[in-house]
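The values are calculated or read from the model by the stated rules, or taken from the named source; none is laboratory data. The model shown is predicted, which means the values in this text are computed figures rather than measured ones. Virtual Cβ from ideal backbone geometry, glycine too; neighbours counted across all protein chains shown.
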Amino acid sequence: MSRIESFKRALEEKRAVKIIAGIDNFNAESVKKVVKAASNSGASAIDICANPDIVAMVRSMTDLPLFVSSVDPEELAHAVALGADAVELGNFDALYKKGLSFSADQVLNLAKRTKELIEDTFFCVTIPGELEISEQVELARNLEDLGIDLIQTEGHFSNESPSNGVRGLIERAELTISNTIELSRNIELPIMTATGINPTTASLAFAAGASAIGCGSCVNKLDSELSMIAVCRSLVEIAERSTQYSLELV
């Protein structure tokens, strides 16, 4: 089974866990730690930036399906040539911190250009969390018609300090989970829920209709490799339990 086929199977079984090093993480040592944690925990895929040196390094480190994220179609196409198994247009959440924003038309046009360049490569597109939900649904339907393989949701970047404890964790994930619910009701494509997804909120994402979760800061902000592995394993276990629970209900 090819790398991307193994990810597709996890998607079909609604238990895929993608660990995100960061679209703006160009620190080789930091990326290495995240990749090792994902590889040693049974994660379904790793997601990295489009830097050629980082892509080549990670491809030599692991047999995990490799996603490369960027908002530049040419960068994504180059990453495929370097060994990426999948490309992701996004994640936009990290770019909001730099004052950037993306309209539905911009995302659709970028997706069309990327699709022209990558041919049959597995293609995921992030729906900007800043869009009104009606715009998100329309964009998702247009992307579905375009032949995209996977939709990723996200929340909304905020400079406001979150609440303490579990309440803060749930507040951070609330918007992306609600977006998952809305989109899952309106499209047939599998959905990956990202932004604020961690061991506390992961089960909520699967309950909302996600086939996959994308988890970044709960892993890549940790200092200890052991802690990274522990969190990744926890996420994988939650995904497996969610799948088992769903099967029991059928």
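As an exercise: evaluate Thr200 against (1) within 16 Å of the chain's Cα centre (by Cα); (2) hydroxyl-bearing (Ser, Thr, Tyr); (3) under 16 Å from Ile238 (Cα atoms) and give the number of the one condition it does not meet.
(1)
For Leu76, are the conditions met, namely being more than 28 Å from Ser178 (Cα to Cα), crowded, with 24+ Cβ neighbours inside 10 Å and not aromatic (Phe, Trp, Tyr)?
Yes.
Return the total of residues in the range 12-37 being over 15 Å from Ser224 (Cβ atoms) and either surrounded by fewer than 22 Cβ atoms within 10 Å (Cβ to Cβ) or β-branched (Val, Ile, Thr) (or both).
15
Being modelled with pLDDT of 95 or more, surrounded by fewer than 20 Cβ atoms within 10 Å (Cβ to Cβ) and acidic (Asp, Glu) is true for just one of Glu160, Glu144, Glu171. Which residue is that?
Values: Glu160 fails: modelled with pLDDT of 95 or more; Glu171 fails: modelled with pLDDT of 95 or more.
When all the criteria are applied, what remains is Glu144.
Considering only the range 6-35, how many residues are small (Gly, Ala, Ser) and either modelled with pLDDT under 95 or under 21 Å from Tyr96 (Cα atoms) (or both)?
Going through the range 6-35, the residues small (Gly, Ala, Ser) turn out to be 6, 10, 16, 21-22, 28, 30.
Next, from what is left, pick out any that are either modelled with pLDDT under 95 or under 21 Å from Tyr96 (Cα atoms) (or both): 21-22.
So the answer is 2.
Which count do you get for residues in the range 1-30 that are without any contact (Cβ under 8 Å) to a residue 40 or more places away in the chain and in contact with a strand residue (DSSP E or B) (Cβ under 6 Å, 6 or more places away or on another chain)?
Adding up the residues that qualify gives 0.
Looking at (1) farther than 21 Å from Lys8 by Cβ; (2) at pLDDT 95 or above; (3) crowded, with 17+ Cβ neighbours inside 10 Å; (4) among the small types (Gly, Ala, Ser), which one does Ala94 not meet, given that it meets all the others?
Only one criterion is unmet by Ala94, namely (2).
Only residues that are on the phi > 0 side of the Ramachandran plot and free of Cβ contacts under 8 Å to residues at least 12 places away in the same chain: list them for the range 109-155, please.
Passing the criteria: only Glu119.
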